[in-house]
Amino acid sequence: MTEEFTHALCALIRRLGLEAKQLRDKGLTVEQKGRQDFVSQADVYVETQLREWLKAQRPQDGLLGEERGLEPGSEGTWVIDPIDGTTNFILGMDYWCISVAWVHDNRIELGIIYAPDREEFFFARAGHGAFLNDRRLTLTEPSPDAVVLGVGRSSRRAPREYTDALEKLLDQGVEHRRFGAGALMLAHVAAGLVHGYYEAHLHSWDALAGLVLISEAGGRHNDFLANDGLTNGNTAWAATPAVWQQLQPLLLPSGK
């Protein structure tokens, strides 16, 4: 994968983020996929544009997107969430993003997350570091009594799993935040705005770009791609190394 290609992909994602904002400003058409689960024409437009460009540039690769599913390929797979945090996006909140990752040989090789309303562009390539607006990201450990985690709630798990996780964290004196866009909150772990993120189940398009950002910034995460996590999704647990060590027995007792 050439530097020219990655520059062009980043430029496309930036442009699509601005176009998504323009579509929102003109008034969105919104459909409901399920309870508290929405899709707008901006979601469909962004994913379609990314798929068409990637097919033209790298026809050997597969594509997996939230709105149009999996198209297998012979090489790596591009994993796309055209708008993570769609409800936030529809309501006019700034906490949403475009998330794109590339997986090759069961390894997350590239992650890009763009939050247009916040002017935050995250980029990570395996072995080459993580960046926010061209500033290299390096995690630092919080004081043990000042840990703040992002915690997501998955509709694919029983509500009790979510409340049990919160109870365990509160018992440890750990604060939590939930903003409704798992991909962006994972990016904010890499940026040091929170010290970790946990969700009982995430789809791969919500998780992979953020996970490679965290690992490249010096953090740890579980083996999300185990047990066909690419297509089935998985638990997501990522944090600074010390926070990981402290809370893994509570949040991920299986160690996976």
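Here are the numbers for this structure:
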item	result
Number of positions in segment 219-251 that are out of contact with any helix residue (DSSP H, G or I) (no Cβ under 9 Å at 6 or more places or on another chain) and either surrounded by fewer than 21 Cβ atoms within 10 Å (Cβ to Cβ) or outside the structural domain of residue 166 (by the TED database) (or both)	10
Some residue of segment 21-39 being touching a Lys or Arg at 6+ places or on another chain (Cβ under 9 Å), open to solvent by less than 60 Å² (accessible area, probe 1.4 Å) and at pLDDT below 95	yes
Residues within segment 192-214 that are open to solvent by 20 Å² or more (accessible area, probe 1.4 Å) and more than 24 Å from residue 62 (Cα to Cα), tallied	4
Within segment 128-143, considering residues that are in contact with a Leu (Cβ under 8 Å, 6 or more places away or on another chain) and in contact (Cβ under 8 Å) with a residue 40 or more places away in the chain, the one surrounded by the most Cβ atoms within 10 Å (Cβ to Cβ)	130
Segments classed as strands (runs of 3 or more DSSP E), wholly inside segment 140-256, with at least 2 members that are of a type outside the set (Asp, Glu) and closer than 21 Å to residue 109 by Cα	196-202, 234-239
Residue ID - least open to solvent (accessible area, probe 1.4 Å), chosen from residues in segment 85-111 that are at pLDDT below 95 and among the hydroxyl-bearing types (Ser, Thr, Tyr)	86
Verdict on residue 125 being at pLDDT 95 or above, open to solvent by 90 Å² or more (accessible area, probe 1.4 Å), charged (D, E, K, R) and in contact with a strand residue (DSSP E or B) (Cβ under 6 Å, 6 or more places away or on another chain)	no
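The values are calculated or read from the model by the stated rules, or taken from the named source; none is laboratory data. Since this is a predicted model, take the numbers as computed values, not measurements. With ideal geometry, Cβ positions are generated from the backbone for all residues, glycine too; neighbour counts draw on all protein chains shown. Note: accessible area is taken over every heavy atom of the protein model, side chains too, but ligands, DNA and RNA are not part of it. Shrake-Rupley method; radii C 1.70, N 1.55, O 1.52, S 1.80 Å.
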